[in-house]
Amino acid sequence: MKLILLGPVGSGKGTQAGLISARYGLPHISTGEIFRTNIKNETELGKIAKSYIDNGDLVPEELTNKLVADRLAQDDCKNGFILDGYPRNIAQAKYLEGLTDIDIALMIDLSEEKIIERLSSRRMCSKCSQPTSLDWMVDGKCEKCGGDVYIRDDDKPEVIKMRLQKQAVPLDVINFYKEKGVFNKIDATDQVEDTYALVKAVLDKGNND
Ligand code: AMP
């Protein structure tokens, strides 16, 4: 199953991708996470990406597209993958179409009010790289693996506002996947498990493998 997760920043795409990855045995490819790893390791890519990410802007196409093409060419993507955070605009959607066919484009939607609430309590685990939350952590550590957590630089309130303005899911991307007959949308207002039940219903319906 080749799946892309669309949705506004903070709608819970990363959390759902982690759950889907565990259940369906698919690699979880998060472009944001790849950039964060490169920033942490102070690579050339990381240095360039950081200046955009810190301003709530998208990293330029030529860097992002190549990174995705290289990743999808790896062996573990042969039977499918979960793309989280890509494509983010119509140019990326068209580029991706040139690489492979997508089975399901699933939009995980959430109101702006809820997004701000969730992003303010979001933390990232420095050990398993999964998102967590002040509400889920145990003794100040990641509830999944016990790792130390940190706040993403771009989860600071001033950057959250910029990201919400600059990174809404474009209508032409939604229409692109609607026309292909692969678009689905669910609402992520409820708890993670409730949202995951909606996700599974869509995937099991669409997955004819
Ligand atoms: P995310 O973890 O998906 O919220 O991504 C964090 C940041 O990485 C975004 O705010 C962008 O600056 C950058 N980024 C992630 N994915 C993409 C993409 N597909 N195209 C351009 N920039 C991206």
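Derivation of every value follows stated rules applied to the coordinates shown; laboratory data play no part. Quantities reported herein were computed from a predicted structural model and do not represent experimental measurements. Backbone-built Cβ (ideal geometry, glycine too); neighbour counts: all protein chains shown.
Remark: spin-label model distance residue 66-residue 168 equals 3.3 nm, labels positioned 7 Å along the Cα→Cβ axis. Placing R0 at 35 angstrom, the Cβ-Cβ distance between residue 180 and residue 128 gives a FRET efficiency of 0.55 after rounding to 0.05.
Taking amide H positions as modeled 1.01 Å from N, with prolines and chain starts lacking one, the residues under 5 Å from residue 2 and 5 or more places away or on another chain are 81, 103, 104. The phi torsions of the stretch 16-22, fed into the Karplus equation with coefficients 6.51, -1.76 and 1.60 and a -60° offset, translate into couplings of 5, 4, x, 5, 5, 4, 5 Hz, rounded to whole numbers, with Gly and Pro shown as x. Note on the chain: GNM, Cα springs under 10 Å; of 135, 153, 187, the largest mean-square fluctuation is that of 135. Taking every Cα-Cα distance in the chain and sorting them into 5 Å bins starting at zero, the pair-distance distribution P(r) comes out as 1, 7, 15, 20, 22, 19, 11, 4, 1, 0 percent.
Placing +1 on each Lys and Arg Cβ and -1 on each Asp and Glu Cβ, with no other charges, gives the stretch 1-133 a dipole about its Cα centre of roughly 420 debye.
Rg and Dmax over the alpha-carbon atoms of the stretch 134-203 stand at 16.7, 47 Å. Which of the trypsin sites (Lys or Arg not before Pro) found in the stretch 77-112 are loop residues per DSSP with 16 or fewer other Cβ atoms within 10 Å of their Cβ? Here the trypsin sites (Lys or Arg not before Pro) that fit, given the DSSP loop and packing criteria, are 78.
The Cα center of the stretch 117-192 and the Cα center of the stretch 51-71 differ in position by 18 Å. Springs between Cα atoms under 10 Å define the GNM used for the chain, and in it the highest mean-square fluctuation of 89, 184, 41 occurs at 41. The convex hull of the Cα atoms of the stretch 45-166, projected and averaged over all directions, covers 8.8 nm².
Sorted from greatest to least, the principal axis extents spanned by the alpha carbons of the stretch 23-111 come out as 34, 34, 27 Å. Its residues counted as N, the stretch 9-70 yields a C-alpha radius of gyration over 2.2 N^0.38 Å of 1.21.
Hey, with R₀ at 25 Å, roughly what FRET efficiency would residue 76 and residue 42 work out to, going by the Cβ-Cβ distance, to 0.05? Don't skip to the answer; put the middle values down first.
Details: r = 26 Å, r/R0 = 1.04.
The calculated FRET efficiency here is 0.45.
Checking the cross-link pairs 50/94; 2/144; 50/156; 2/166; 94/205; 114/180 against a 19 Å limit on the alpha carbon distance flags 50/94; 2/144; 2/166; 94/205; 114/180 as lying beyond it. Treating r as the C-beta distance of residue 54 and residue 194 and R0 as 35 Å, the FRET efficiency rounds to 0.55.
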